[in-house]
Every structure is written in structure tokens, then in C-alpha cells.
1. If packing is taken as the average count of other Cβ atoms within 10 Å, what order do 42-51, 7-16 fall into, highest mean first?
2. Let me have the relative contact order for the chain, percent, based on Cα pairs under 8 Å that are six or more residues apart.
3. When the Kirkwood hydrodynamic radius is evaluated over all pairs of different C-alpha atoms of the stretch 98-201, what value in angstrom, to one decimal, is obtained?
4. Over every pair of different alpha-carbon atoms in the stretch 42-178, take the mean of 1/r and invert it; report that Kirkwood radius in Å.
5. Taking the highest mean first, how do the peptides 255-262, 377-384, 139-146 order by number of other beta carbon atoms within 10 angstrom per residue?
6. Need one number: % antiparallel among DSSP beta bridges in the stretch 154-304, to the nearest 5.
7. Looking at the calculated P(r) for the stretch 242-394, what percent of the C-alpha pair distances fall above 23 Å?
8. Hey, can you find the accessible area per residue of the stretch 189-343 for me, probe 1.4 Å, expressed in square angstrom?
Amino acid sequence: MDEIRVALVGYQFMGRAHSNAYRQVSFYFPELQVRPVMRVLVGRQRKLCDQMAARFGWEETEYSIEAVAARDDIDLIDITAPNNVHAQLAIKAAKAGKHVFCEKPLATSLEDAKKARDAVQKAGVINTVCHNYRRAPAVALVHKMVENEDLGEIYHWRALYLQDWAMDPAVPLMWRFQKRVAGSGSLGDLMAHSVDLALWLVGDISRVSCTMKTWVKQRPKASAVDGGLGGAAAAGAMGRVDVDDGVVALAEFRSGALGTFEATRFAAGHKNYNWFEINGSKGSVIFNLERMNELYYCSGTDPADRSGFRLIQASDPVHPYMGLPGGGPRYWPTAHIIGYEHTFINTVADILQAIAEGGPSPEPTFASGCRTQAVLHACEQATKEGAWVRVPKV
Ligand code: SOE
């Protein structure tokens with residue numbers, strides 16, 4: 001069996017999620033024509049990088065992207081470092097002829113996102129942005145329903161992405177609160193996922209109106225570089241938060257559908273409430289990541305006295321990603337549910353297969369990532385101008 005030799009940049013929260021996916025994928029996807037080799041973990045903090053490589057199962061470490069890009073024993077570079085280096089690392093990887101898998105958001109600006117897209121297209125390499133929620137089976141089922149026109153003409157898209165971990169003013173000034181590194185706050189961290197799903201399930205957005213708020217404007221400076229949601233506070237020193245804590249947006253889709261988005265780190269009691277609802281002429285669906293194996297579905301063809309939402313347990317081999325090609329469950333028998341990490345395993349499986357087959361790149365490609373970035377860009381403009389703003393065509 002052919003091997004795809006992987007280099008992973010970053011070893012924090014997402015580095016861990018991606019490492020786990022490479023470790024597990026061959027076990028759950030026996031039909032794959034290739035298997036990943038976890039060749040190199042890349043990070044700037046040498047000691048930590050070495051420790052994490054040993055813990056996650058990477059064969060070697062490198063401490064710069066240049067070093068890894070120059071190696072001829074690497075096929076795929078996977079980028080999970082903080083947002084401000086996504087585009088530049090992706091461009092270096094593409095120029096070296098490596099396939100590229102990049103965490104979301106693709107960049108911290110539309111301009112950089114376009115440069116990354118152009119670089120992968122010029123190099124002709126496989127490219128995918130990690131919007132893992134597309135590959136929750138219940139969400140992929142919604143896409144199948146939309147493609148089958150089971151929901152008919154779509155009238156409404158309604159998305160919420162609610163967390164509450166940042167409400168405590170003692171949470172330190174990690175990179176997620178710094179515009180220079182993160183690009184934006186809840187907008188790029190959370191709403192980017194909802195926008196990606198909206199574009200995939202409903203289609204392009206033509207214009208937006210938006211507003212954002214930062215409630216905690218100063219935070220204790222973090223003593224160490226952090227990549228997750230932790231990080232120790234340094235004694236005394238405070239620093240400025242210059243990204244949004246919460247964002248609310250209205251959208252018009254090219255198709256004529258109307259959309260609303262809300263994303264926040266200040267919704268007390270909500271931990272990772274990634275929720276959306278679609279209402280169409282033939283029915284509706286409701287998805288909530290906190291119950292990710294389930295999908296609420298209402299069909300307009302039900303008799304009037306039975307009309308309402310039914311609960312689909314989207315964990316049967318008939319559902320996307322849940323069955324083996326020859327029949328039987330990929331993961332576990334029906335309703336022996338799967339979790340967050342499986343969305344990454346499913347994504348990595350699609351990328352490996354695409355590399356094996358020589359393309360096309362699995363969605364969302366960098367071109368799709370650019371379309372998401374264009375919506376985020378328009379939201380920032382709309383907030384500044386206090387007006388409706390057209391989403392640039394990219
Ligand atoms: C933290 O807010 C975070 O981990 C995001 O960075 C992820 O993209 C999202 O999936 C869950 O929340």
C-alpha cells in the first residue's frame with residue numbers, strides 16, 4: 001500500500017486533533033488506497049515540539065517550515081499553527097510542491113487568503129481548509145438532502161455558534177484575543193464555521209449587515225505562548241483585547257434565501273453550541289453539535305395530523321461516513337455514537353483518498369475558503385460602516 005508522508009505544523013489543541021486523525025484513519029477506513037505516515041512534527045519551541053512528537057506518535061521533529069518544505073520525504077503539510085501564519089505557511093508548502101491541509105480560517109485577511117488560493121492552484125496541489133463540521137454525518141446528511149432537493153426552495157438559514165469560556169475577565173490575553181495573530185475574535189473563530197456551512201448548504205451570500213462587540217477590553221497578559229483555551233496569566237501586566245467577543249450578522253443569499261448568524265464567547269451556559277436551522281418549501285432541518293449524532297427533520301409531505309419534527313439518529317451505516325463500502329458499520333453499530341474527533345478522521349480520510357486518486361481537492365478547497373473569508377471581510381466592513389455591504393466576488 002502506498003504511503004502519504006505527513007508533516008504537521010503545530011501541536012496544541014488542533015495539532016492534537018489532527019494527530020489523532022492520522023493515527024486512527026487506517027483503522028476506520030480500511031478501503032483507503034493509501035496510509036498516512038506521521039513523519040514530522042513541526043514547531044518553534046524545540047523542547048515542547050520534541051515532547052509532543054513523542055506523545056502523539058510523530059517519527060521526527062523539525063523547527064522551521066523551510067526545513068520541512070525542503071525535504072523530499074514529505075507529501076502533505078498540515079497547518080494547525082495560529083491564524084496569522086496559515087496563509088504564509090500554506091504558500092511555502094505549495095511552492096515546495098506539497099499538498100496542503102490548513103486549519104480555518106484560511107488567513108487573517110481576504111488578501112492573504114487569495115494569495116494562498118493562488119499559490120495552491122498554481123502548484124496544482126491538493127488543498128483543503130479544515131472545516132471539520134461538514135463531516136459530521138448528520139451535517140453531511142443535510143447536504144445530501146439539499147442536493148436531492150428534499151428541502152425544496154430554501155427560505156431561511158439561521159446559525160448560532162455559542163460558547164462562554166471567555167466571559168471570565170481573568171482568562172488571559174491568549175492569541176485568540178489579539179487581532180495581529182487571530183485576525184478576529186468570534187467572527188473568524190466561530191462564525192467562520194457557520195459561514196462555511198451556509199455557503200455549502202444554501203449557496204453564495206450576496207450582502208451582509210453586521211455588528212460586533214468587545215465586552216472585556218483588557219486581560220492579564222499570558223505568560224506563555226498558548227494554543228488552546230488555557231494559558232497561565234502573567235502577574236500584574238494587562239493587555240488590550242482588540243477582537244470581537246460577540247458578533248451578529250444578517251445575510252442575503254444569491255438564491256433569495258435570508259440568513260442570520262450569531263457567534264459569541266459570552267453566552268453563559270453554552271459550551272460549544274454550534275447550531276443551525278434551515279427552512280425550505282418542502283421541510284426543515286435542525287442540527288446542534290452538542291447532540292451531533294442527531295438531526296431534526298420536518299417533511300412537508302407528512303400528513304397534516306402528523307406534521308412536525310422527527311428525530312433522526314444519523315449514526316446508521318446508511319448515513320454519510322457511517323457505513324463501509326461493502327456494508328456494515330464503519331465505526332460502531334447504529335446509535336453507538338461517534339464524537340468530535342471523528343469529524344477530523346473523516347476529513348483526513350477524504351484528503352488521503354484525493355491524494356491517492358490525484359484529485360480533485362476535497363471541499364472546502366482554498367477557493368471555497370476564500371469565499372468564506374470574503375463573507376468575514378464584508379462583515380468587518382459592514383460593522384465599520386454601519387451599513388449593508390456587498391460580499392466581494394473572489
Ligand atoms: C475555540 O473557540 C474553538 O476550538 C474553535 O477554535 C474551533 O474552531 C471550534 O470548532 C470550537 O471552538
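1. 7-16, 42-51
2. Here the relative contact order equals 20 percent.
3. Final number for the Kirkwood radius of the stretch 98-201 is 16.1 Å.
4. Radius from the Kirkwood sum: 17.9 Å.
5. In descending order of packing, they fall as 377-384, 139-146, 255-262.
6. So the antiparallel bridges in the stretch 154-304 amount to around 80 percent.
7. Roughly 59 percent, once rounded to a whole number.
8. With all protein chains present, the stretch 189-343 gives 45 Å² per residue.
The values are calculated or read from the model by the stated rules, or taken from the named source; none is laboratory data. Keep in mind the model is a prediction, meaning the values are calculated, not measured. For neighbour counting, all protein chains shown are included, and Cβ atoms are generated from backbone atoms with ideal geometry for every residue, glycine included. Each accessible area value is taken on the protein alone, full model and side chains, heavy atoms only, with ligands, DNA and RNA left out. Shrake-Rupley method; radii C 1.70, N 1.55, O 1.52, S 1.80 Å.
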